[in-house]
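For reference, the structure is listed below as structure tokens.
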Amino acid sequence: MTGRATARENEGVRTGIFPVLLFLVALVVGFPVHRTSAQLTVRSWLEWRTIETPHFSFHYPAGLEAWTRDAASRIEFVDSAVKAVVGFAPAGKTHVVVDDPYEISNGSAWPTESC
């Protein structure tokens, strides 16, 4: 052998970008991305209200008022405890949206930055 591979030895071996692109296209087509609809549901027809504490603003539909008021009454204690442990507190208010669009638990939380 001269150190060069013959055509038969290279048979079945692909090089270049084409196989990678083909794999990525197959991956995208084979596994389409499904949006998590529970987090993207906006129920604008509900009567939304807001409760404010010194460091938080709770936005909630009227039907969840009792739960939200209970959470808001405890949140400042939690905030000061977290601040003591972590050593950091946000400069502005933290906005909390309370909603249960499908009345099911999904264990999901989506942090967002203030606009």
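The values are calculated or read from the model by the stated rules, or taken from the named source; none is laboratory data. All of these numbers come straight from a predicted model, not from anything done at the bench. Here the Cβ positions follow ideal geometry from the backbone for every residue, glycine too, while neighbour counts run over all protein chains shown.
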Next item on the list: Pairs only if they're at least six apart or on different chains, beta carbon under 9 angstrom, first in the range 81-110 and within 22 Å of E65 (Cβ to Cβ), second assigned to a loop (DSSP other than H, G, I, E, B) and at pLDDT 85 or above; list them, first residue then second.
Entry: K93/T53; K93/P54; K93/H55; T94/H55; D99/L46
Checklist line | Subset of the range 32-75 that is closer than 20 Å to A109 by Cβ and of a type in the set (K, R) - its residue that is modelled with the highest pLDDT | finding: R74
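Going by the conditions given, is G92 more than 27 Å from R43 (Cβ to Cβ), of a type in the set (G, A, S) and at pLDDT 85 or above? Steps first, please.
Working: more than 27 Å from R43 (Cβ to Cβ): no; of a type in the set (G, A, S): yes; at pLDDT 85 or above: yes.
No; evaluated as a whole, the condition is false for this residue.
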Margin query: Given the options V78, V85, V29, name the one that is at pLDDT below 75 and not small (G, A, S).
Written below: V29
Notebook entry, point to check: T50: among the polar types (S, T, N, Q) and in contact with a His (Cβ under 6 Å, 6 or more places away or on another chain), yes or no?
Noted result: yes
Margin query: Exactly one condition in (1) modelled with pLDDT of 70 or more; (2) surrounded by 10 or more Cβ atoms within 10 Å (Cβ to Cβ) is false for E9; which is it?
Written below: (1)
Next item on the list: Tell me which residues, restricted to the range 53-62, are over 14 Å from V97 (Cβ atoms) and surrounded by 11 or more Cβ atoms within 10 Å (Cβ to Cβ).
Entry: T53, H55
